[in-house]
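Trainee: Structure in structure tokens, see below.
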Amino acid sequence: MNIQTTTVSATEIEADVVAIGIWKDEPLDGPAKEIDDAAGGVLSRMIELEEVSAERFSTSVLHGPAGVKAPLVLVVGLGSKDDVDETFSYRVGGVVSKTVGSKQREHVATYINVDVVPDAICGLINGCVGQDLYMEKKKLNEIQSVSLGFEVSTEDLTRGKVLGESIRLTRRLVNMPANDLHPESFADMIVQTGKESGFEVEVWDQERLERERCGALLAVGKASTRESRLVIMRHNGGTESDAPVAYVGKGVTFDSGGLSLKPTAGMLDMKCDMAGAATVVGTMKALAELNVKQNVIGVVGLVENMIAGNSFRLGDVLTSRSGKTIEVHNTDAEGRLVLADALDVAIENGADRLIDLATLTGACLVALGTEIVGVMSNDDDWSDQLISAANTSGESVWSLPMHKYFSEQLKSTIADVKNVGTGRWGGTITAAKFLEEFVQDVPWVHLDIAGPSFADKPAAWIDGGASGCMVRSLVQLAESL
Ligand SMILES: [Zn+2]
């Protein structure tokens, strides 16, 4: 998508669609008033007749209004001015793009100014692409060119484009089915992205993983015909002596549950079980392209959790890379096994602060619903920094208590730790407590993104499927350090 600014007015611009916004209970102003005046008050009359609504994200189209060069005017209801939060700018951009993208259109000019311009650009870039990757006649169509009819700094324009494309990459990876996206092809795509965006990539293949004693990760991937991978990404934006921050992602490219097999309904969306890793990749792309002055490493463990005669079993004891032994009580609690080794690699690479992201537990949806990321940590200051970055980015997160009671549930009779708690209650926290066993004393935040990373249904501003959540927050966090 080409995005540029324009100084041509809403009435004069030659575009397929011109988008304007109207506030609830406010008189028309700016471009909306210009169009209304040029068209002899047609917009005002339509509002009066309740054919055009100012309710938030309702959309109406004026066809060929007089005095306007564009054949179509998209009117987006913006709701009440008093009720604007950090999610608003992104969503406005998405609504314009998704509405226009429902048909094939070359050039759109939007005159809806918002507070956070880069977020609005992210929305524009992501609203018109969806999960119809393999459809001949797409439901959403890429808009070739977007003109922004308001003042935008060069910096904001670049930032919006980079973040928008990075979110798009994350979404695309998550939306890809597991027959196309498996550990090896995923690793290849990361190598390619690193080349294009300018970050270093190191890939550990099966043999290297064995040499590196990644026993927990390898056990999960063992029954797949696809080899496992671990990928280390490095963005060296800070000074050489600065310890890096590490972003660590779970990349289970398909999760059948293993011998603790998932039922069909629970397995259907399990191509999305690599969303944590995809988020890390999208974030590394953005950090490199924005040249963020911070050393950041990304570590992703890529495996496919399948079934065969050599599957890892219930009761098996695995030796993780850290040396800690793990008794397996459930082969569907596999993401934490992958992360145990990936976190160890991040620490060995000198990380002095860790964030991991994972579609880790269904229990997190029970606790927090589908919109909120669960936050668990061993360090309040570090956790506060992440929460603050997420709040600024308009991404919803909420802390869960890391009470020591939950660790007691992880005691095994044969090994150092077992991979699930007792019973099903508090499963999100016992999972985090398990990970805590592998972070030593390094400040660490675990993000359970099982809810927000993949949506069952579309919203007005974005298609269903992958959301690309937390890319903006992680970039914001790195910039704030
Ligand atoms: Zn699982």
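Trainee: Does Gly276 satisfy the condition of being within 15 Å of the ligand (Cβ to nearest atom), within 25 Å of Val471 (Cα to Cα) and assigned to a strand (DSSP E or B)?
Mentor: no
Trainee: Could you say whether any residue in the range 185-206 is outside any strand (DSSP E or B), closer than 24 Å to Gly362 by Cβ, away from the ligand (no atom under 16 Å from the Cβ) and touching a helix residue (DSSP H, G or I) at 6+ places or on another chain (Cβ under 6 Å)?
Mentor: Checked the range 185-206: no residue is outside any strand (DSSP E or B), closer than 24 Å to Gly362 by Cβ, away from the ligand (no atom under 16 Å from the Cβ) and touching a helix residue (DSSP H, G or I) at 6+ places or on another chain (Cβ under 6 Å).
Trainee: When you go through Val231, Val245 one by one, which is the residue that is in contact (Cβ under 8 Å) with a residue 12 or more places away in the chain and under 14 Å from Ala342 (Cβ atoms)? Steps first, answer last, please.
Mentor: Working: Val245 fails: under 14 Å from Ala342 (Cβ atoms).
Result: Val231 is the single residue among Val231, Val245 that is in contact (Cβ under 8 Å) with a residue 12 or more places away in the chain and under 14 Å from Ala342 (Cβ atoms).
Trainee: Give the number of residues within the range 412-460 that are assigned to a loop (DSSP other than H, G, I, E, B), buried (at least 21 other Cβ atoms within 10 Å of the Cβ) and aromatic (Phe, Trp, Tyr).
Mentor: The qualifying residues number 1.
Trainee: Another question, then. Quick check on my filter: what residues within the range 236-257 are within 16 Å of the ligand (Cβ to nearest atom) and part of a strand (DSSP E or B)?
Mentor: Gly249, Lys250, Gly251, Val252, Thr253, Phe254, Asp255
Trainee: List, please: which pairs have Cβ atoms under 9 Å, are six or more places apart or on different chains, and start with a residue in the range 389-409 that is in contact (Cβ under 8 Å) with a residue 12 or more places away in the chain and surrounded by fewer than 19 Cβ atoms within 10 Å (Cβ to Cβ) and end with one that is assigned to a helix (DSSP H, G or I) and of a type in the set (Asp, Glu)?
Mentor: Qualifying pairs under 9 Å: Gly394/Asp119; Met402/Glu436; Ser407/Glu436.
Trainee: Right, something else. Take the residues of the range 292-331 that are of a type in the set (S, T, N, Q) and within 16 Å of the ligand (Cβ to nearest atom): which is nearest to Val252 (Cα to Cα)?
Mentor: Asn305
Trainee: Assess whether Ser228 counts as being in contact with a helix residue (DSSP H, G or I) (Cβ under 9 Å, 6 or more places away or on another chain), within 30 Å of Ser311 (Cα to Cα), more than 13 Å from the ligand (Cβ to nearest atom) and at pLDDT 95 or above. Steps first, please.
Mentor: Details: in contact with a helix residue (DSSP H, G or I) (Cβ under 9 Å, 6 or more places away or on another chain): yes; within 30 Å of Ser311 (Cα to Cα): yes; more than 13 Å from the ligand (Cβ to nearest atom): yes; at pLDDT 95 or above: yes.
Judged against the criteria, Ser228 is a match.
Trainee: Restricting attention to the range 364-376, does a residue exist that is touching a Pro at 6+ places or on another chain (Cβ under 7 Å) and charged (D, E, K, R)?
Mentor: For the range 364-376, residues touching a Pro at 6+ places or on another chain (Cβ under 7 Å) and charged (D, E, K, R): present.
Trainee: Tell me, which residue of the range 258-273 that is of a type in the set (Gly, Ala, Ser) and within 12 Å of the ligand (Cβ to nearest atom) is surrounded by the fewest Cβ atoms within 10 Å (Cβ to Cβ)? Please lay out each step first, then the result.
Mentor: Taking the range 258-273 as the starting set, the residues that turn out to be of a type in the set (Gly, Ala, Ser) are 258, 260, 265-266.
If we keep only those that are within 12 Å of the ligand (Cβ to nearest atom) as well, we get 258, 260, 266.
Details: Gly258: 26, Ser260: 17, Gly266: 14.
Out of the qualifying residues, it is Gly266.
Trainee: Can you name every residue in the range 335-358 that is touching a Ser or Thr at 6+ places or on another chain (Cβ under 8 Å) and within 12 Å of the ligand (Cβ to nearest atom)?
Mentor: Scanning the range 335-358 gives Gly335, Leu337.
Trainee: Here's a follow-up. Mind telling me which of the residues Gly251, Gly309, Gly323 ends up being farther than 24 Å from Arg353 by Cα, among the small types (Gly, Ala, Ser) and assigned by TED's automatic domain parsing to the domain that holds Ser473?
Mentor: It is Gly309.
Table: residues versus (1) more than 15 Å from the ligand (Cβ to nearest atom); (2) closer than 17 Å to Ala216 by Cβ.
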position: Ala333; (1), (2): no, yes
position: Gln385; (1), (2): yes, no
position: Met402; (1), (2): yes, no
position: Gln409; (1), (2): yes, no
position: Asn419; (1), (2): no, yes
position: Arg424; (1), (2): no, no
position: Ile429; (1), (2): yes, no
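The values are calculated or read from the model by the stated rules, or taken from the named source; none is laboratory data. Bear in mind that the values here come from a model prediction, so they are computed numbers and not experimental data. Heads up, the Cβs are rebuilt from the backbone with ideal geometry, glycines too, and the neighbour counts pull from every protein chain shown.
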